[in-house]
1. So, Asn93, is that one of a type outside the set (A, V, I, L, M, F, W, C) and without any contact (Cβ under 8 Å) to a residue 60 or more places away in the chain or not?
2. Tell me whether region 29-46 contains one or more residues that are of a type in the set (D, E, K, R), in a helix (DSSP H, G or I), farther than 19 Å from Ile114 by Cβ and in contact (Cβ under 8 Å) with a residue 60 or more places away in the chain.
3. Condition first: surrounded by 15 or more Cβ atoms within 10 Å (Cβ to Cβ) and under 18 Å from the mean Cα position of the chain (by Cα). Can you find one or more residues in region 30-39 that meet it?
4. Within the bounds of region 62-74, is there any residue that is touching a helix residue (DSSP H, G or I) at 6+ places or on another chain (Cβ under 6 Å), among the aromatic types (Phe, Trp, Tyr) and more than 15 Å from Trp26 (Cβ to Cβ)?
5. Hey, among Phe105, Phe84, Phe115, which residue is within 20 Å of Val10 (Cα to Cα) and either buried (at least 16 other Cβ atoms within 10 Å of the Cβ) or modelled with pLDDT of 95 or more (or both)?
6. What about Ala66, is it modelled with pLDDT under 95 and not basic (Lys, Arg)?
7. Could you please find all residues in region 1-29 being crowded, with 17+ Cβ neighbours inside 10 Å and among the polar types (S, T, N, Q)?
8. Identify the single condition in (1) surrounded by fewer than 18 Cβ atoms within 10 Å (Cβ to Cβ); (2) within 14 Å of the chain's Cα centre (by Cα); (3) of a type outside the set (D, E, K, R) that Asn60 does not satisfy, given that it satisfies every other one.
Amino acid sequence: MNQISNPLLVTALMLAVSNLFMTFAWYGHLKNLAGSPWYVAALISWGIALFEYLIQVPANRIGYTAFSLGQLKILQEVVTLSVFVPFVVLYMNQPLKIDYLYAAFCLMGAVYFIFRSS
């Protein structure tokens with residue numbers, strides 16, 4: 001594999017795209033398929049999740065060239081919250097809660113501890 005000049009940026013962007021797919025796979029059916037049987041929602045979600053994995057696996061491989069496994073996991077959690085909050089507010093029409101801000105503060109602490117020099 002060729003050297004990527006900015007693995008953090010490439011990994012974060014790819015994880016954001018993959019997480020968007022996964023968020024729709026996990027929660028989109030609650031809005032779009034509420035009247036369908038659960039197994040229909042599961043099969044459609046599974047199909048959406050395939051696209052998530054097609055982006056997530058290479059993203060993690062790129063990220064692992066520069067970061068530890070723990071750092072990749074915390075990065076994924078930050079990306080997850082960054083994608084989930086707009087999804088909840090804009091797509092699911094749920095109110096923005098202060099708890100999301102508190103969760104972000106907790107993740108900032110996790111980022112600090114996992115990325116600091118040992």
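The values are calculated or read from the model by the stated rules, or taken from the named source; none is laboratory data. Keep in mind that what you see is a predicted model, and the values were worked out from it rather than measured. Here Cβ is always computed from backbone atoms with ideal geometry, including for glycine, and neighbour counts include all displayed protein chains.
1. yes
2. Going through region 29-46, the residues of a type in the set (D, E, K, R) turn out to be 31.
Remaining after also requiring in a helix (DSSP H, G or I): 31.
Now drop any that are not farther than 19 Å from Ile114 by Cβ, which leaves 31.
From what's left, in contact (Cβ under 8 Å) with a residue 60 or more places away in the chain: 31.
Looking through region 29-46, at least one residue is of a type in the set (D, E, K, R), in a helix (DSSP H, G or I), farther than 19 Å from Ile114 by Cβ and in contact (Cβ under 8 Å) with a residue 60 or more places away in the chain.
3. No, region 30-39 contains no residue that is surrounded by 15 or more Cβ atoms within 10 Å (Cβ to Cβ) and under 18 Å from the mean Cα position of the chain (by Cα).
4. No, region 62-74 contains no residue that is touching a helix residue (DSSP H, G or I) at 6+ places or on another chain (Cβ under 6 Å), among the aromatic types (Phe, Trp, Tyr) and more than 15 Å from Trp26 (Cβ to Cβ).
5. The conditions single out Phe84.
6. Yes: the conditions hold for Ala66.
7. Of everything in region 1-29, those that are crowded, with 17+ Cβ neighbours inside 10 Å and among the polar types (S, T, N, Q) turn out to be Thr11, Ser18, Asn19, Thr23.
8. (1)
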